[in-house]
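Colleague: Please see the structure below; I have some questions.
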Amino acid sequence: MSLKVVSSFSKKVKKNFVVFASKSNKNKLQLNCKCKDVVSIIEASFKSEEFTASAGETMLFRSANVSGFENLLIVGLGKAEDIKHETLRRSMASAYRALKASKQSHAGICFPSISDYGLNAQEIGFILSESIGLTSYSFDKFLAKKAPAAIEFELDASAASDKKSAEKGAKEGKATSEGTNFARYVSDCPPNYMNPVQLAKDTQNEAKGLTKLKVTVWDETRIKKEKMGSLLGVAQGSTNKPRVIILEYKGAAASKKPICFVGKGLTFDAGGISLKPGPGMDEMKYDMCGGANVIGAMIAIAKLGLKVNVTAYVGAVENMPDGNATRPGDILTARSGKTIEVLNTDAEGRLVLADLLVYASEKKPASIFNIATLTGAMVMALGYQHVGLFSKDDKLAKLALDAADRSGEDLWRMPLVDEHLKLMKGTYADLQNIGKDRGAGSAQAAAFLTEFVLNDVPFAHFDMATQMSNMGKYYPYCPDKGAGGAMVRTFIEFARQA
Ligand code: BES
Ligand code: ZN
Ligand code: ZN
């Protein structure tokens, strides 16, 4: 565990002391740390304006020799009244990055310096541990020179009224960060290694020992038997065979309806016959992030032991052009019997998801969350800051936005109306896979998906093309390059309240 809750610091962490500081509305330094020698250093650097206590700001004092520690790292939290969970999560990530940059391996965290901001011991343990776990992730599987080991932290909770709570929180933060890091890992792997079969294998391995989590994998024969003609239409251009990965978590009574997650797992999207342009095509290994993040959330939910039932479906497929590939103009038949005219083979995510949504909604779950790197248009609409949320169900949309808010993730509701669906009606088939309008491509895609949700199951779709990769600039606990695991925390949080 990268964060240990202790009653007194061990010798090995006495190398670096991490102390947080904030400021008042009137820009006065606010400091809850009780160590006099530390306080005088921070006060001096604040007075000289070298340290302003802004959120995420860090300053390392080497050989400070304060409170039994060799170095002192001071970390800003910004305005005290603005401090939320996410503030601490990001500031802790900045602290991690500063220590890593100066090649440190151990550090102790000053508990009192984070108290008095309305966070209880469990929340503090949780956020610190989650942030440390998330920030410590690095992908070095294919490098000769491996990344240094994760920095080990200790939190001295002797001043906390409830050390056990801090420990409980730290354990939870470990679970959520491990789930997210698994999602990042499978996404970061190169597409010649991480194909649908490998994704299924890795998922099964990761779920081992989690007794309430069952993983079932469907091969091509089974997928054919299930009449998933839309998904198979995408897969048929690749020599890498598709898989449907089903994860069932039973944490509540069997009588309780499960919530359901569906994820797009394109281990590579070349565009098919409607081939994508060359520059940046390598990034399309990340077209499996929606599926990976669903798997990550399920792993975390199982590790947390949440008292809820959740079923997840991931469509693991590769979209390639070859002699067998679907052509523009081909008509596919989805599991529901609806026909789809494929006008652009690069609009493949919705074809994969259509069959999974039919299957998922046949089971009549309490609700369905669908997540996918679905449209480039989402980036045009929102940039990289927000994931787009599409739902006709106001109640479910609110639950999703609230869960994102509690998780510190940025989610923005987008319009989804009947007119968007009209633009997806086909000429030679019931539907066509691209819209008739040039604008609102993401809403048209979302409308297409709603056509495959049966039995009036409340449905929400998350278009995470915006936050597919390289999110470090926005969230310091995400890698600068590589997958970030967007919405894993939001999905976990939603399950927590379900
Ligand atoms: N996987 C892409 C969407 C995407 C693009 C995600 C860039 C992240 C970054 C998806 O399969 C796709 O290619 N969509 C097309 C749809 C179009 C043909 C209607 C797109 O967005 O261009
Ligand atoms: Zn595509
Ligand atoms: Zn795609």
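Colleague: What are the pairs, 6+ residues apart or on separate chains, where a residue within region 24-39 that is without any contact (Cβ under 8 Å) to a residue 40 or more places away in the chain has its Cβ under 7 Å from a residue that is surrounded by 12 or more Cβ atoms within 10 Å (Cβ to Cβ) and part of a loop (DSSP other than H, G, I, E, B)?
Modeller: Between residues of region 24-39 that are without any contact (Cβ under 8 Å) to a residue 40 or more places away in the chain and residues that are surrounded by 12 or more Cβ atoms within 10 Å (Cβ to Cβ) and part of a loop (DSSP other than H, G, I, E, B), the close pairs are 29/53; 37/67; 39/31; 39/33.
Colleague: If residue 195 satisfies every condition in (1) in contact with a strand residue (DSSP E or B) (Cβ under 7 Å, 6 or more places away or on another chain); (2) under 18 Å from residue 311 (Cβ atoms) but one, which is the exception?
Modeller: (2)
Colleague: Something else about it: Looking at (1) out of contact with any helix residue (DSSP H, G or I) (no Cβ under 6 Å at 6 or more places or on another chain); (2) aliphatic (A, V, I, L, M); (3) within 16 Å of ligand 1 (Cβ to nearest atom), find the lone condition where residue 465 falls short.
Modeller: (1) is the only condition that residue 465 fails.
Colleague: Counting only residues that are in a loop (DSSP other than H, G, I, E, B), under 25 Å from the mean Cα position of the chain (by Cα) and among the hydrophobic types (A, V, I, L, M, F, W, C), how many does region 218-261 have?
Modeller: 1
Colleague: Go through region 40-59 and give me each residue that's under 17 Å from residue 90 (Cα atoms) and either in contact with a His (Cβ under 8 Å, 6 or more places away or on another chain) or not small (Gly, Ala, Ser) (or both).
Modeller: Those that are under 17 Å from residue 90 (Cα atoms) and either in contact with a His (Cβ under 8 Å, 6 or more places away or on another chain) or not small (Gly, Ala, Ser) (or both): 52, 57, 58, 59.
Colleague: Out of all the residues in region 449-458, is one or more free of Cβ contacts under 8 Å to residues at least 40 places away in the same chain and surrounded by fewer than 24 Cβ atoms within 10 Å (Cβ to Cβ)?
Modeller: Yes: one or more hits.
Colleague: In addition: Can you tell me which condition residue 333 does not meet? The list is (1) surrounded by 20 or more Cβ atoms within 10 Å (Cβ to Cβ); (2) touching a helix residue (DSSP H, G or I) at 6+ places or on another chain (Cβ under 6 Å); (3) not aliphatic (A, V, I, L, M), and all the others hold.
Modeller: The single condition residue 333 does not satisfy is (1).
Colleague: Oh, and also: Within region 400-412, can one find any residue that is of a type in the set (A, V, I, L, M), within 16 Å of ligand 3 (Cβ to nearest atom) and at pLDDT 95 or above?
Modeller: no
Colleague: Quick one: in region 36-76, which of the residues that are farther than 17 Å from residue 109 by Cα and charged (D, E, K, R) is farthest from the chain's Cα centre (by Cα)?
Modeller: 47
Colleague: Which ones in region 378-400 are more than 24 Å from residue 472 (Cβ to Cβ) and aliphatic (A, V, I, L, M)?
Modeller: 396, 397, 399, 400
Colleague: Could I ask something else about it? Out of (1) crowded, with 16+ Cβ neighbours inside 10 Å; (2) under 24 Å from residue 485 (Cβ atoms), what's the single condition that is false for residue 238?
Modeller: (2) is the only condition that residue 238 fails.
Colleague: Restricting to region 329-349, count the residues that are within 16 Å of ligand 2 (Cβ to nearest atom) and outside any loop (DSSP other than H, G, I, E, B).
Modeller: Going through region 329-349 one residue at a time, the tally reaches 3.
Colleague: So, residue 89, is that one surrounded by 14 or more Cβ atoms within 10 Å (Cβ to Cβ) and closer than 22 Å to residue 159 by Cα or not?
Modeller: The answer is yes for residue 89.
Colleague: Quick check: anything in region 262-283 surrounded by fewer than 22 Cβ atoms within 10 Å (Cβ to Cβ), without any contact (Cβ under 8 Å) to a residue 24 or more places away in the chain, within 16 Å of ligand 2 (Cβ to nearest atom) and in a helix (DSSP H, G or I)?
Modeller: Yes: region 262-283 contains one or more residues that are surrounded by fewer than 22 Cβ atoms within 10 Å (Cβ to Cβ), without any contact (Cβ under 8 Å) to a residue 24 or more places away in the chain, within 16 Å of ligand 2 (Cβ to nearest atom) and in a helix (DSSP H, G or I).
Colleague: Let me ask something else. Within region 319-328, can one find any residue that is within 11 Å of ligand 1 (Cβ to nearest atom), over 18 Å from the mean Cα position of the chain (by Cα) and in a strand (DSSP E or B)?
Modeller: Within region 319-328 (the criterion being within 11 Å of ligand 1 (Cβ to nearest atom), over 18 Å from the mean Cα position of the chain (by Cα) and in a strand (DSSP E or B)), the answer is yes, since at least one residue qualifies.
The values are calculated or read from the model by the stated rules, or taken from the named source; none is laboratory data. Not measured: the values here are computed from a predicted model. When we count neighbours, we look across all protein chains shown, and the Cβ atoms used for this are built from the backbone with ideal geometry, even at glycine.
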